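To start, the structure under review is shown below, and the notes come after it.
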Amino acid sequence: MIEVLRIKNLALIDDLELELGPGLNVLTGETGAGKSFIVSAVNFLTGEKMRPELVRAGCDKAVVEALFVQDGEDLILRRELAAGTGRSRIYVGDSLASRETLAAMRPRLLLHASQHGQQRLLQPAFQAALLDAFLPDPAPLAERNRLVKELTDIAGRIRELDAKASSLEEKRQFLEFQQTEIKKVNPLPGEEEELSAKRAALAQARKASEALSKALECIEREPKLLDGLADLHAELLHAGAVAPEFTDDAEAVAAFRHQLKDMAVRLRRAPAAGAAVSASDAEAIEKRLFELAQLRRKLHKSLAEIVDLGGQVTANLDFLDGCALDRKQLAREEAAGMEALATVLDTLAEARRAAAKRLADALEDILRGLGFSKDVKVIFEFSPATVHTPVAVAAPALVEDRARILWRPNPGQPPQPLDKIASGGELSRFLLALMSLSAEPGGPTLIFDEIDAGIGGLTLGSVGEYVKKLSGTSQIVLITHWPQLARLADRHFFVRKSVENDQTSTRCTRLSGQAVASELARMAGGGEAGVAMAQRLLTDL
């Protein structure tokens, strides 16, 4: 149960704290005072979303925290909502937690019935889920859901495989053409760039070889440069005998002649080897570059794209060659899954029908106590619903019996669906009956948010008696506008709006004694008639 609830900076609530007790906790007040915001805060605390604009104006964040007591153990939950980002932060005890953690905890903490819940009750899918929630053994349902998901995944993979195979089969001829052309050339990553670099290097080598040949020619052509230097050296030696200053020049010419002679030897060796290598390599490089250029022109792609395309084409053709085997394997998996699911559906159908009888009997018993005729009848009608339509298996679709609630509130009428004949008040009582079946001592807190809408007269008294009886085993938080229900409270809280310093705030006060009588009188319409009714209600307790 909820022992303490505190709300800060949420909508009109600046700082509000409620100390709830066991039994029946009633919240009353004028429409728009903020009662539903208190319930919304509890829902937010236990996992539901909340819009960031509900953070009180001028505040950075809203905070909701509560102390729950379960099996004698305290559990503190706290959740914060940031105004700027809309993100929330959750604490379980002192530890951060996720919304998924809260969602898993919520069924043990809280059951909430509201007018929105009445509308959900009209939905066939929700009615079917209600019955499944009352199955004594959840294992067949869990296995059914697992197998349905597995078959859905298999069917999706088969459809995806078929769609891809169909698309590629239309392109098979073109894919094979691409593969043949690419395999003939077999381009390698970066090959064209590498060959172009080699070609440039060989071109430079040819130019160097030509320069060396011309240099040798300069040395050896007639009249030969070396012979001329020999003659010059001899003449300078003769001149040096007469003019000694030419002796050094003669030696310099001799040295230069020896250097030029060595250079000639080196020039004769270098060009022949370089020219031979350049000629053989250049031819191979030019041939390969031509092949690559032709391939680029044929496929209208860069060489890098062609290399990638080769891998893709091979993969796609391999897929086409192997998809038939893959589909057969998926078909075997689908057949095995359908066989297992059919067995589970038979078991589940029997369990659902047995649970439907027990649930219908229990609901009828409770509804009689809530003011319905002793002849009220609840019937779960079962109709076939497709669970799985095979994709690769030649077999009929699998169907299951899906429940829908019919009822007969009065004798002499044929059973009808809830959404056809149920009034708002009848739906309120029906939802109350369903929730009470989920209640258990020490179980979740039951929140009834104007569940009494559309109810009046003697029926209101029956509902009040039942809610009061139910509060003997479960903590109940009840929002009501009826004094006939509010008088039954173990703790009565009055919710009102006040204006302080030009700020509107929601306040919540626990009432006792004369304050309770005054609030019941207000709820009864005020004036002398309201006071008289309040006194009568309190006297009848």
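The values are calculated or read from the model by the stated rules, or taken from the named source; none is laboratory data. The structure displayed is predicted, hence computed values, not measured ones. Neighbour counts are summed over all protein chains in view; Cβ atoms, including those assigned to glycine, are modelled from backbone coordinates with ideal geometry.
Descriptive notes on the structure:
- Residues (farther than 9 Å from Ala83 by Cα and crowded, with 19+ Cβ neighbours inside 10 Å) located in the range 48-68: Met50, Val63, Val64, Ala66, Phe68
- All told, Gly228 meets the bar of being over 30 Å from Asp281 (Cα atoms), out of contact with any Phe, Trp or Tyr (no Cβ under 7 Å at 6 or more places or on another chain) and exposed (fewer than 15 other Cβ atoms within 10 Å of the Cβ).
- Within the range 77-93, being in a loop (DSSP other than H, G, I, E, B) and farther than 14 Å from Lys49 by Cα holds for Gly84, Gly93.
- Test: residue in the range 180-195 that is in a helix (DSSP H, G or I), under 30 Å from Ala349 (Cβ atoms) and of a type outside the set (Ser, Thr, Tyr): no
- Any hit, the range 30-47, residues being surrounded by 14 or more Cβ atoms within 10 Å (Cβ to Cβ), in contact (Cβ under 8 Å) with a residue 12 or more places away in the chain and farther than 29 Å from Ser428 by Cβ: no
- Of the numbered criteria (1) out of contact with any Pro (no Cβ under 6 Å at 6 or more places or on another chain); (2) in the same structural domain as Val531 (by the TED database); (3) surrounded by fewer than 18 Cβ atoms within 10 Å (Cβ to Cβ), the one Arg487 fails is (3).
- Looking across the range 13-33, just one residue is more than 18 Å from Asp452 (Cα to Cα) and at pLDDT below 90, and that is Ala33.
- Residues that are out of contact with any Asp or Glu (no Cβ under 9 Å at 6 or more places or on another chain) and surrounded by fewer than 11 Cβ atoms within 10 Å (Cβ to Cβ) within the range 69-86 comprise Asp71, Gly72, Glu73, Thr85, listed in sequence order.
- Residues that are surrounded by 14 or more Cβ atoms within 10 Å (Cβ to Cβ) and of a type in the set (Val, Ile, Thr), drawn from the range 170-224: Ile182, Val185, Ile219
- Within the range 438-464, the set of residues being loosely packed, with under 15 Cβ neighbours inside 10 Å and among the aliphatic types (A, V, I, L, M) comprises Leu458 only.
- Residue within the range 324-342 that is more than 33 Å from the chain's Cα centre (by Cα), acidic (Asp, Glu) and surrounded by fewer than 19 Cβ atoms within 10 Å (Cβ to Cβ) present: no
- The listed residue being within 24 Å of Leu446 (Cβ to Cβ), β-branched (Val, Ile, Thr) and out of contact with any Leu (no Cβ under 8 Å at 6 or more places or on another chain), out of Val39, Val64: Val39
- The residue that is farthest from Thr343 (Cα to Cα), among those in the range 391-416 that are part of a strand (DSSP E or B) and in contact (Cβ under 8 Å) with a residue 60 or more places away in the chain, is Ile405.
- Options Asp321, Asp361; residue that is under 30 Å from Ser462 (Cα atoms) and not small (Gly, Ala, Ser): Asp361
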